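Step one of this worksheet: look at the structure below.
Please treat every number below as a calculation from the coordinates, not as lab data. Not measured: the values here are computed from a predicted model. Note: ideal-geometry Cβ built from the backbone for every residue, glycine included; neighbour counts use all protein chains shown.
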Amino acid sequence: MMKKVLYIGWIGFQNVGDELLWNLFASYARQYAPDVQIIPSTPKVNWKDTSPYDAVVLGGGSLLLPGYMAVLQEAHEAGKPIWIWGSGIDWIGEAETDALCAGAKPALHRHFSANDVELFRTVLASAAFAGIRGPLSEAVLKTLGAYPANVRVIGDPGLLLQTPASAEPPNKEKTIGINWGTTYNRLFGQHETLVEDTLARAAKMWIASGYRIHLYIVWPNDRSACERLYKKINCPERVTFDRALYDERQFIERLQPLAATVNFKLHANLLSLAAGVPAVMLGYRFKVFDFAALLGLDRYVVSTASPQLETDLIDTVALAEQHRRRIMEQYETARRQYIPLLLEPFERGLFR
């Protein structure tokens, strides 16, 4: 009888980042475990009921949350192997994020109860493979005292995306890409409209300096916010708004000619880097800082709570253009470091 494995991710909502993480997992599962049926947690699947499955994988994304941990615990108690493959933490407050970035150990009790901490500790310790996304996720778990010896940072699974063969893509345009959208005001600074207005002003400055602007989305729910930004920039002859949604390969192809990008959503940054284009990351929540720290590209994060947001954006985009080659070398260094760790559970036959 074919083994059935449940893959838990935020899948089926047309969010390009979460879909690409699933696509990568499915691709390697087909390659390394063709005799295993992998079931993704789409909206039609009751992923909280693990009884139909032989094993459970918590996949990529910011899924290190008590609710998902409880599902893994239930599966483990039922005798099923559980794996954690590049999941990360999010929803840590701005002050605590700043402290963790500085190497401090802030109090995190407003984010995690004592029961949550115990749940994290026991589930992670019982995982057959416990690979988490980034160094700040690691710092949170260590600060909580919930970092068993078997846990390792294995990187974001999106690092498995193949980068273009050419280090210097042809026909480089003097165009800055901007990925914009919404997180329903759940961002550092709690002022999404202010960030949108600032992006519009920065875009006008780039246009005045001779650039074109290319707007794009990675989630259908972001379309109306990006439409607003397009209207606020109010320069249709110099601004393209691509309203379509693409898969990761198509995105990489479209981003390749750009000079630099500014990205709101986490995996828009990864798509840009995979396309060989330096990415300036809007640090709207903890997960962006975690991802940047993973790559050693912390300098290219601009917090949405910055009191000098416009200046930071202009300066950081200029820096990213200037150091494009260095950024891409740093990205490739991170890929070389983490790809073997991301592939390890497949190569060890854990998903069979």
Query raised in the report: For segment 199-352, what's the relative contact order in percent, using C-alpha pairs closer than 8 Å and at least 6 residues apart?
Result: 17
Query raised in the report: Roughly what angle does helix 309-322 make with the longest principal axis of the chain, taking Cα atoms, 0 to 90 degrees, to the nearest 10?
Result: 90
Query raised in the report: Does anyone have the angle between helix 16-32 and the longest principal axis of the chain? Alpha-carbon axes, 0 to 90°, nearest 10?
Result: 50
**Report entry** Percent RCO, i.e. relative contact order, over the chain, from Cα pairs under 8 Å lying at least 6 residues apart
**Finding:** 18
Query - Summed residue charge, Cβ within 14 Å of His109's Cβ, Lys/Arg positive, Asp/Glu negative - result: -1
Query raised in the report: For segment 218-291, what is the largest minus smallest coordinate of the Cα atoms on each principal axis, given in angstrom and ordered from greatest to least?
Result: 34, 26, 21
**Report entry** Expected 222 nm ellipticity per residue - DSSP helices of 4 or more, -39500 (n - 2.57), all of the chain, to 500
**Finding:** -13500 deg cm²/dmol
Query - Convex hull per residue volume in Å³, alpha carbons only, for segment 175-334 - result: 98
Report summary line: 1/(1 + (r/R0)^6) with r = Cβ-Cβ of Arg186 and Lys3, R0 = 45 Å, i.e. FRET efficiency to nearest 0.05, evaluates to 0.75
Requested in this report: Quote to one decimal, in nm, the extra length available between Gln250 and Leu194 on full extension: 0.36 nm per residue of separation minus the C-alpha distance between them.
Outcome: 17.1 nm
Query raised in the report: Label-point separation (nm) for Gln162 and Arg228, each offset 7 Å from Cα along Cα-to-Cβ?
Result: 4.0
Query raised in the report: Taking amide H positions as placed 1.01 Å from N in the peptide plane, with prolines and chain starts having none, which residues 5 or more places from Ser87, or on another chain, fall under 5 Å of its amide H?
Result: Arg133
Query raised in the report: Taking GluC sites (Glu not before Pro) as exposed when DSSP calls them loop (any state but H, G, I, E, B) and at most 15 other Cβ atoms lie within 10 Å, what is the longest stretch of the chain free of them, the sites themselves excluded?
Result: 1-172
Query - Two-decimal ratio, the chain, of alpha-carbon radius of gyration to 2.2 N^0.38 Å - result: 0.99
Report task. Under a cut-off of 30 Å between alpha-carbon atoms, report the lysines in cross-link reach of Lys142, not counting same-chain residues fewer than 8 places apart. Result -> Lys48, Lys80, Lys105, Lys265, Lys287
Query - Förster radius 22 Å - calculated FRET efficiency between Arg243 and Thr333 (Cβ-Cβ, nearest 0.05) - result: 0.05
